[in-house]
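Student: Supplied in structure tokens, the structure appears directly below.
The values are calculated or read from the model by the stated rules, or taken from the named source; none is laboratory data. Predicted, not measured: the structure shown is a model, and the values here were computed from it. Positions of Cβ are generated from backbone atoms using ideal geometry, with glycine treated the same way; all protein chains shown enter the neighbour counts.
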Amino acid sequence: MSVQAITPDYHGTMKDTVDHFHGNQLLNIGWDQHLMFATPLCIPVPPGMPFGALVQQVLPGLYGQHPQFAQIDWAATEWLRSGERFTPQMDQSLADNGLGHKAVLRFRTPGQPGLAGAAF
């Protein structure tokens, strides 16, 4: 990710490079149209974690309090990686699914327009 400084003589050390996360990488996750969560969540995850483990073990801890979470049809869920639709391989790692450090992962749950239809 390139950074453009306001002044040409600025010199600084990036504090969010992958080497600062003890073997983990940052992953930004957003559940589209579900405004109970105002912004994507940024979490540290190991790049070798299977995508299926993210869905089964991590997402419930992040979004499980949402009243519609338990009704998600994961087989019908639409996934976006950096804005592009893709079909994740559940048994493959996050890295093998193309999710690197500071990647953006969004998911859409058809038939669930958000609380009280609050979809945008």
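Student: Looking at segment 79-89, which of its residues are in contact with a Leu (Cβ under 9 Å, 6 or more places away or on another chain), of a type outside the set (D, E, K, R) and at pLDDT 95 or above?
Tutor: Result: Trp79, Leu80, Phe86, Pro88.
Student: Filter segment 55-68 for residues that are farther than 23 Å from Gln89 by Cβ and touching a strand residue (DSSP E or B) at 6+ places or on another chain (Cβ under 9 Å) and give the result.
Tutor: The one that is farther than 23 Å from Gln89 by Cβ and touching a strand residue (DSSP E or B) at 6+ places or on another chain (Cβ under 9 Å): His66.
Student: If the requirement is being at pLDDT below 95 and over 14 Å from Ile29 (Cα atoms), which of these qualifies: Gln68, Gln92, Gln56?
Tutor: Gln68
Student: In addition: Cβ contacts < 6 Å: first residue within 11 Å of Arg108 (Cβ to Cβ) and touching a residue at least 12 places away in the same chain (Cβ under 8 Å), restricted to segment 60-85; second residue surrounded by 12 or more Cβ atoms within 10 Å (Cβ to Cβ) and charged (D, E, K, R), any location; separation 6+ or different chain. Result?
Tutor: Hits for this filter: Glu78/Arg108; Leu80/Arg106.
Student: Still on this structure, I have one more. Restricting attention to segment 96-115, which residues are over 13 Å from the mean Cα position of the chain (by Cα) and aliphatic (A, V, I, L, M)?
Tutor: Across segment 96-115, the qualifying residue is only Leu115.
Student: Next up: Can you list residue pairs whose Cβ atoms sit under 7 Å apart, with the first residue in segment 104-117 being at positive phi and the second being aliphatic (A, V, I, L, M)? Count only pairs 6 or more apart in sequence or on different chains.
Tutor: If the second residue must be aliphatic (A, V, I, L, M), the pairs left are Gly114/Leu35.
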